[in-house]
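> Here you go, one structure.
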Amino acid sequence: MTPEDIHPGETEREEEVDQGTDSDTTDGAPDTLPREVADEAERLTRLARDAIDENEATAYRERRADLLADHEYTSRIRGENTEATLVLHPTEWVVDGSVHPDRIEDIDRGIEVPLEGAGDAEDWDAVDEHNATVAEQVADEHGEVHGANARAFATFMSNHYARPVEEATERMREEFLADYFPRNAWPSEEQRAVVEASLELVTEAAAAE
């Protein structure tokens, strides 16, 4: 995230801006948003964007705003459609709905999450069932180590993109390997050693499925 990515005075649509409220701090030190909170904000954003009912979409956005407010963060969407990016940053950067660069003391506290490539949240149950079935097929045919990796990838694709595992792009795979897998899967050394091979087995199992 760079200062050029934030435009003072930029007009945001109502559904794209969450103005968080201040929360109590213990030592006044600036904190970066915890990864699990950023992940949940991303999930709620995808659900809101895919919701057909506006009341449901509003509920997701309100939950996102409340979640971020607990950490003194807020959110906005930059771009449209395939260019859309979720931007999370401290509320202290915002004045009258616009981010002021002179308030940004540490650019690394800002988080950007590309939103392109998301599937239809209404089909999530079917996608999740399919992905879980593929993962179990990998476990049955290739053992528990590959199976554990396959389950982690299945969960990642279901929860982050609502897409079948076989539709994973190269960027999605890289995101899984570099970020989600080491942070969220709690992999053993055995799992780490074979994870890329596990993803190939997932692709093969999905084709057979």
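> Return the distance in nm (one decimal) between the two label points of a simple spin-label model at Thr203 and Asp66, each offset 7 Å from Cα along Cα→Cβ.
Modelled inter-label distance: 4.2 nm.
> Still on this model: Would you mind counting up the charge near Gly147? Only other residues with Cβ under 10 Å from its Cβ, with Lys and Arg at +1 and Asp and Glu at -1.
The answer is -3.
> On to the next question. Within 10 Å of each residue's Cβ, count the other Cβ atoms and sort Asp53, Asp125 from fewest upward.
Numbers: Asp53 8, Asp125 11.
Least crowded to most crowded, the residues run Asp53, Asp125.
> From the phi of every residue in segment 67-75, what ³J(HN,Hα) in whole Hz does the Karplus formula 6.51 cos²θ - 1.76 cosθ + 1.60 yield, where θ is phi - 60° and glycine or proline is x?
4, 5, 4, 4, 10, 6, 10, 9, 9
> Here is a follow-up. So what are the ³J(HN,Hα) numbers for segment 129-137, from phi and the Karplus equation (6.51, -1.76, 1.60; θ = phi - 60°), rounded to whole Hz, Gly and Pro as x?
Residue by residue, segment 129-137 yields 5, 4, 5, 5, 5, 4, 4, 5, 5 Hz.
> Does segment 122-208 classify as rounded, prolate or oblate by the C-alpha gyration tensor (a ≥ b ≥ c root eigenvalues; a/c under 1.5 gives rounded; else a/b over b/c gives prolate, otherwise oblate)?
Values: a/c = 1.65, a/b = 1.19, b/c = 1.39.
Oblate is the answer for segment 122-208, as a/c is 1.5 or above yet b/c matches or exceeds a/b.
> Give me the number: length gained by fully extending Ala126 to Val37, i.e. 0.36 nm times residue separation minus the C-alpha to C-alpha distance, one decimal in nm.
Full-extension gain reported as 29.5 nm.
> Between Glu196 and Thr133, what is the spin-label point distance in nm, taking each point 7 Å from the Cα along the Cα→C-beta axis?
3.1 nm
> If you rank Tyr73, Tyr161 by fewest surrounding Cβ atoms within 10 Å, what's the result?
Ranked by crowding around the Cβ, least crowded first: Tyr161, Tyr73.
> Quick one: Karplus J couplings for segment 149-166, per residue in order, coefficients 6.51, -1.76, 1.60, θ = phi - 60°, nearest Hz, x for Gly and Pro?
Residue by residue, segment 149-166 yields 5, 5, 5, 4, 5, 4, 5, 4, 5, 5, 7, 8, 10, 6, 10, x, 4, 6 Hz.
> Give me Trp124, Trp186 ranked fewest to most by other Cβ atoms within 10 Å of their Cβ, as a rough exposure proxy.
Details: Trp124 17, Trp186 10.
Listing Trp124, Trp186 from fewest to most nearby Cβ atoms yields Trp186, Trp124.
> 7 Å from Cα along Cα→Cβ at both Ile52 and Glu189: what's the point-to-point distance in nm?
Each label point is offset 7 Å from its Cα along the Cβ direction, giving 5.2 nm.
> Same structure again: Can you list residues whose amide H is under 5 Å from Glu72's amide H, if they're 5+ apart or on another chain and H is modeled 1.01 Å from N?
Ser23
No value in this document is a laboratory result; all are computed from the given coordinates. These numbers come from a predicted model, not from an experiment. Cβ coordinates were reconstructed from backbone atoms using ideal geometry, including for glycine residues, and neighbour counts include every protein chain displayed.
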